[in-house]
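Asks: Here it is: the structure, laid out below.
The values are calculated or read from the model by the stated rules, or taken from the named source; none is laboratory data. Computed from a predicted structure; not experimentally measured. Cβ: placed from backbone, ideal geometry, glycine included. Neighbour counts: every protein chain shown. For accessibility, only protein heavy atoms count, side chains too; no ligands or nucleic acids. Shrake-Rupley method; radii C 1.70, N 1.55, O 1.52, S 1.80 Å.
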Amino acid sequence: MASEKWPEAGKRSLIGKRVTRLDGAVKSTGRAKYTYDVNRKGMLHGKLVFSPHAHAKIVSIDTSAAEKMPGVKAVQLMIEPGKEVLWQGQEILALAAETEEQARDAARAVKIRFEKLPHFVADAPPEKAGQHQTALAEQVTGNPDQGFKEAEVTSEGTYGCPVITHCCLEAHGQVAEWEGDTLRVWASTQNVSGISGELVDGLKAGGVEVPASNVQILTPVMGGGFGSKFGADTWGVACAQLAKKAGRPVKMMLERDHELMAAGARPSIYARVRVGAKKDGTLTAWSSESWGTGGIGPAGNPNLPYVFTRIPNRRSRHTRVETNTGPARAWRAPNHPQMCLITMSALEDLAAQLPMDPLDFFLKNLPFVIPERAETYRQELVKGAELMEWKKKWHSRGDKTPGPIKRGLGLSIHTWGGGGHSSNCNCTIRPDGSVEVFLGSQDLGTGTRTVIAMVAAETLGLPVSAVKVNIGDSKFPPSGASGGSTTVGGVSASTRRATTRALNELLAKVAPALGVTPDKLEAACGTIRVAGDPTKAIAWHQACAKLGTAAITASGQRAPRGPDELISSGVGGIQMAEVAVDVETGVVKIEKLVAVQDCGLVINPKTAESQIYGAMIMGVGYALYEEKLMDETTGRCLNPDMEFYKLAGIGDVGNMVVHFMTGPGYDERGVIGLGEPPVISPGAAISNAVANAIGARVPTIPLTPDKVLAALEKVPRSALNDSSLRSEQEGGAA
Amino acid sequence: MSKRKLPTQKGLSRRAFLKTTGAAVSAGVVSGAAAELLNAQSTAKNKVAGPGEVPITLRVNGETHNLNVEPRVTLLDALRDRLDLTGAKKVCDRGTCGTCTVLVDGKAAYACSMLAIDAQGREILTIEGLAPEGELHPISAAFVENDAQQCGFCTPGFVMACKAYLDRNPNPTEAQAKKALGGNLCRCGTYIGVRAAVLDAAARMKGGR
Ligand code: FES
Ligand code: FES
């Protein structure tokens, strides 16, 4: 009998090997059909009309002119007159026409009368947020006042991150097609198995009854989600309604401006922090007053301090600021990057004040992280320091090298849970030897498809190419939404079980031919063979031929919750950044980023590495460029486009080094997800590196040139050894 | 931000762009076939195409396509919605992200920022024309091998930009490869793989691999 347990290190044929992404070719040849690319016969194009105002009452909606426009086939109200819209970008109505241009014209011809109401969109601290706030209960542990008395050095500062967006390159949207009373929806979603229920409810509320069993969601590939694509969304329901009304398929993808206004944002979090330590660096007390906005909803409550959660005496309080901006959605590692930036900046400032090398300071305070993670962090910090050449390069605050380019190092520590979502897998082995697995999961670009194939092939002793992976269809056995770094745990556990069970059925059929009992058999190297005696083997195809005409189908699950011996949760990682700052222009350049990460048993290091690179690159984006800007007077988003909502480009990201903690002590924990953890630290590590370079903290990210120059104003010339530079600037030569 | 390659028509709104085209028509600058078509559609007094559909002819991947589009239809929408060539993606639709990159007369162009009528008489190469279905062009192969893609939505644009880049500079240095393809954005963060793919593709195209 084959065991469900992961094979031991020496016995893995595929797990841990660098396997090339299976859908790489179809993507890099442009043949992959994303939702946006689905063109159905007779398909109409949908457009949304959304609120131009941050807060208004809808007095009336007149669609008569729009309905008469050329090509218009259906119109669907999404909110009734008399109701209020609460943010710019809130959906009001959808329509469908023959061409996209006609749909856009018709959308413009809809006449809506608004009664404007007062709005509040400022990303403001509580003292400036008036009634638009909710103070949460203060959390106190130990005796903070006493802790600060014991402190020999204290540091105070304000730190924070503004609202940013997801900006998935494939916009949110779907294609809906009815065939009688069955509905097929191609959706750009992270939740293939989960959104039909929401669609059914939404349709029912609009008077269209369709049983969930008649709804099929298809997502063979999707162009990025990052936490913003879990729901069916109002526009998903409207698209299906339009398709029903018109009796034709409808494609409706959000336009980029709407995408950035309405389809996902990460809450801002800011905090005033005070933190104290003994002269030897031992932390004694923490206090923080934080605030931030998740838009109209209640998102974004941080737990501070982050990682160093066991600082003995601590006090924290958070105030939620409610604004008339598009609602927050989960953004890769919800709240963690913000909590990380605030905590690691405050701690690094304290280290600078002591003064102490932050590497030594963080190592010193590892007793204040959760005990299970302390040793991991220690090993990671040591490894990271080696990869960064930390001890060689580090200097105390303010690079005294002459000239305008100042270099600095920064580091940060993060944690994440992960684990595995519920998942079901069916495995079919056919008499001709072909193998298929079926999961109602999805590949967001993380490599899920490849990992599933690797697990199945590993179990069956076959090459990856021998397994056909079927995902991205809600008709397959349900699997959870891809969020919170839970996919790889869920699908690897269910796939391992389904394929092991199928294999055991096969072994039972083959055993007589090899003259042993099934428990003596194993699948390896494309054969079924007697364990320990490779000469007694039968080729895979011949083995399967013994099935006669009956294929084997077996299923496997990752239990909905609770522990699972194949997977685990809870990881730690560290990142280090090296930056070069031009103190004349304020431009920050990333020289090098190092990530050291544990994530249990790494199935495919090739795609896992890409995920860490990608996370660090997203991190460079939010550390240096990204911010959703709102205009307080008009209540509108100032940069709902990609010229002014800036992502990092290929020349912006420096050199990157990734190191996985693997081997004994790590592998046996089983599989743990990786999507979130590496995106948490870049902002903090980069901000700390900039502080180290220029001798002053830039309080909030993104670290844009204006803010860097403002911070430099406070730096005494001597600290940077650049008197010539300063006097030139003062002389107006800059 | 890094310096990005200027798109063919950066800085022009579509409306301004139309005006420019119109001006060019009256100045008699538009090339033969295009001018004829435009003239055929315009009234005697005002040489204006549209606003209704006009017949146009596009040369895409070596094939000739006759289609009817409104003059305001972009090359990108014509390719994607009319010809079902969906390899070029629509993301920003205004010349910022490069996901719509195609080659026009051998040069990289943002298909969202060019009108279909203006692409007449020019050789358009989309990613579908790079290699026959089922085959991998060396550049695509380099992207696969170096895992220069995650969700892959940006990838066709990168591949086409890479083609234009290597046609111009077949021997990029490592330093050049680091910043090449600055006109394309990726949200998943595949730049490390893309850099490796550019160098690898250059080697493959010389038959080095
Ligand atoms: S879609 Fe053309 S450049 Fe972005
Ligand atoms: S791979 Fe997803 S946007 Fe580039």
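Asks: Among residues other than residue A:111 whose Cβ falls under 13 Å from its Cβ, what is the net charge (Lys/Arg +1, Asp/Glu -1)? Show your work: numbers first, answer last.
Replies: Working: positive: A:68, A:108, A:113; negative: A:62, A:67.
Its environment carries a net charge of +1.
Asks: How far, in nm, would the chain grow between residue A:631 and residue A:465 when pulled straight, counting 0.36 nm per residue and subtracting the alpha carbon separation?
Replies: Working: separation 166, 0.36 × 166 = 59.76 nm, distance 5.34 nm.
So the extension gain works out to 54.4 nm.
Asks: Let me ask another. If you take the Cα Rg of region A:307-463 and divide it by 2.2 N^0.38 Å, with N the number of residues, what do you get?
Replies: Cα Rg divided by the expected 2.2 N^0.38 Å: 1.54.
Asks: Could you state the accessible area per residue of region A:420-558 in Å², with a 1.4 Å probe and every protein chain left in place?
Replies: On a per-residue basis, region A:420-558 sits at 33 Å².
Asks: Quote the FRET efficiency, to the nearest 0.05, computed for residue A:375 versus residue A:98 with a Förster distance R0 of 45 Å and r equal to the Cβ-Cβ distance.
Replies: 0.10
Asks: Let me know the shape class of region A:100-201, please: from the alpha-carbon gyration tensor, a ≥ b ≥ c as square roots of the eigenvalues, rounded when a/c is under 1.5, otherwise prolate if a/b is greater than b/c, or oblate.
Replies: Details: a/c = 3.12, a/b = 2.00, b/c = 1.56.
Since a/c reaches 1.5 and a/b is larger than b/c, the shape of region A:100-201 is classed as prolate.
Asks: My understanding is that a pair violates if its Cα-Cα distance is over 25 Å; which of B:90/B:206; A:68/A:229; A:47/B:107; A:33/A:229; A:27/A:589 do that in this structure?
Replies: From B:90/B:206; A:68/A:229; A:47/B:107; A:33/A:229; A:27/A:589, over 25 Å: B:90/B:206; A:68/A:229; A:47/B:107; A:27/A:589.
Asks: Another question, if that's okay. Work out the FRET efficiency for residue A:136 and residue B:53 from their Cβ-Cβ distance, taking R0 = 45 Å, and round it to the nearest 0.05.
Replies: Efficiency computed from Cβ-Cβ geometry: 0.15.
Asks: Listed here are the pairs A:17/A:606; A:149/A:278; A:11/A:546; which of them are more than 19 Å apart at the Cα?
Replies: Going by Cα-Cα distance, A:11/A:546 fall outside the 19 Å limit.
Asks: Relative contact order for region A:563-715 using alpha-carbon pairs under 8 Å, separation at least 6, rounded to a whole percent?
Replies: 38
Asks: Which net charge results for the neighbourhood of residue A:444, defined as the other residues with beta-carbon distances under 14 angstrom from its beta-carbon, given Lys and Arg at +1 and Asp and Glu at -1?
Replies: +2
Asks: Using only DSSP helix segments of four residues or longer, with each worth -39500 (n - 2.57), what per-residue ellipticity at 222 nm results for chain A after dividing by its residue count and rounding to 500?
Replies: -8500 deg cm²/dmol
Asks: Put a dot 7 Å past each Cα toward the Cβ at residue A:638 and residue A:559; how far apart are the dots in nm?
Replies: Modelled inter-label distance: 5.3 nm.
Asks: Can you give the local net charge around residue A:128? Use residues other than it whose beta-carbon is closer than 15 angstrom to its beta-carbon, Lys and Arg +1, Asp and Glu -1.
Replies: With Lys, Arg at +1 and Asp, Glu at -1, the neighbours total -3.
Asks: Okay, next question. Give the calculated FRET efficiency between residue A:201 and residue A:721 to the nearest 0.05, with a Förster radius of 45 Å applied to their Cβ-Cβ distance.
Replies: Working: r = 65 Å, r/R0 = 1.45.
My answer for the efficiency is 0.10.
Asks: Okay, moving on. Just to confirm my numbers, what's the Cα centroid distance between region A:645-675 and region A:91-121 in Å?
Replies: 42
Asks: Round to the nearest 10 and report in Å² the accessible area of residue A:565, as given by a 1.4 Å probe over the protein chains' heavy atoms.
Replies: The accessible area comes out at roughly 110 Å².
Asks: A follow-up question, please. Among A:424-435, A:58-69, what's the highest-first ranking by average C-beta atoms within 10 angstrom per residue? Don't skip to the answer; put the middle values down first.
Replies: Details: A:424-435: 20.0, A:58-69: 15.2.
My ranking of the peptides, most packed first, is A:424-435, A:58-69.
Asks: Sticking with this one: Leaving ligands, DNA and RNA out of it, work out the accessible area of residue A:438 with a 1.4 Å probe and give it in Å² to the nearest 10.
Replies: For residue A:438, the solvent-accessible surface is approximately 40 Å².
Asks: Excluding ligands, DNA and RNA, what is the accessible area buried between chains B and A, summed over both sides, using a 1.4 Å probe, to the nearest 100 Å²?
Replies: Details: alone 11150 and 27920 Å², together 34140 Å².
That pair of chains buries around 4900 Å² in total.
Asks: Next question, about the same structure. Which percent of the accessible heavy-atom area of region A:642-727 goes to carbon and sulfur, probe 1.4 angstrom?
Replies: Working: 1450 of 2610 Å².
Carbon and sulfur atoms account for 56 percent of the accessible area of region A:642-727.
Asks: Under a straight-distance cross-link criterion of Cα-Cα below 16 Å, which lysines are reachable from residue A:592, leaving out those fewer than 8 residues away in the same chain?
Replies: A:383, A:391, A:392, A:393, A:406, B:178, B:179
Asks: Across region A:617-623, in residue order, what do the Karplus-derived ³J(HN,Hα) couplings come to in whole Hz, using 6.51 cos²θ - 1.76 cosθ + 1.60 with θ = phi - 60° and x for Gly and Pro?
Replies: Running phi through 6.51 cos²θ - 1.76 cosθ + 1.60 with θ = phi - 60° gives 5, 4, x, 4, x, 6, 6 Hz.
Asks: What whole number of Å gives the distance from the Cα centroid of region A:560-628 to the Cα centroid of region B:58-122?
Replies: 36
Asks: In addition: For region A:142-175, state which residues have at least 40 Å² less accessible area in the presence of all protein chains than in their chain by itself, taking the probe as 1.4 Å and leaving out ligands, DNA and RNA.
Replies: A:169
Asks: Of A:114, A:308, which has the most accessible area and how do the rest follow, probe 1.4 Å? If you can, show how the numbers build up before the last one.
Replies: Values: A:114 50, A:308 0 Å².
Final ranking, largest accessible area leading: A:114, A:308.
Asks: Determine which aspartates and glutamates satisfy two conditions relative to residue A:83: a Cα distance under 16 Å, and not lying fewer than 8 residues away in the same chain.
Replies: Counting by Cα, and skipping residues close in sequence, residue A:83 has these aspartates and glutamates nearby: A:62, A:91, A:115.
Asks: Here's a follow-up. For region B:138-205, what log10 I(q)/I(0) values come out of the Debye formula at q = 0.21 1/Å, with one point per alpha carbon and no solvent?
Replies: -0.73
Asks: When the accessible area of region A:262-315 is computed with all protein chains present and a 1.4 Å probe, what percentage of it is carbon and sulfur? The partial results should precede the final answer.
Replies: Details: 740 of 1560 Å².
Carbon and sulfur atoms account for 48 percent of the accessible area of region A:262-315.
Asks: From Cα coordinates alone, what are the radius of gyration and Dmax values for region B:54-129 in angstrom?
Replies: Spelled out, the Cα radius of gyration and Dmax of region B:54-129 are 10.8, 30 Å.
Asks: Could you give the Stokes-Einstein D for region A:420-558 in µm² per second, using the C-alpha Kirkwood radius, 37 °C, 0.692 mPa s?
Replies: The Stokes-Einstein estimate is 219 µm²/s.
Asks: Run the accessible area of region A:420-558 with a 1.4 Å probe and give the carbon-and-sulfur part as a rounded percent.
Replies: Working: 2450 of 4530 Å².
Ligands and nucleic acids excluded, carbon and sulfur reach 54 percent.
Asks: Next up: Over chain A, what is the mean sequence separation of C-alpha contacts under 8 Å (at least six apart), divided by residue count, expressed as relative contact order in percent?
Replies: The normalised contact order for chain A reaches 17 percent.
Asks: Sticking with this one: How many angstrom lie between the Cα centre of region A:238-290 and the Cα centre of region A:302-353?
Replies: A separation of 14 Å, based on Cα centres.
Asks: Name all residues of region A:554-573 having a backbone nitrogen under 17 Å from the label point set 7 Å from the Cα of residue A:5 along its Cα→Cβ direction, giving them as ranges.
Replies: Counting only backbone N, you get A:564-568.
Asks: What translational diffusion coefficient, in µm²/s and rounded to a whole number, does the Stokes-Einstein relation yield for chain A at 37 °C and a viscosity of 0.692 mPa s, taking the hydrodynamic radius as the Kirkwood radius over Cα pairs?
Replies: Value of D from the Cα-based Kirkwood radius: 118 µm²/s.
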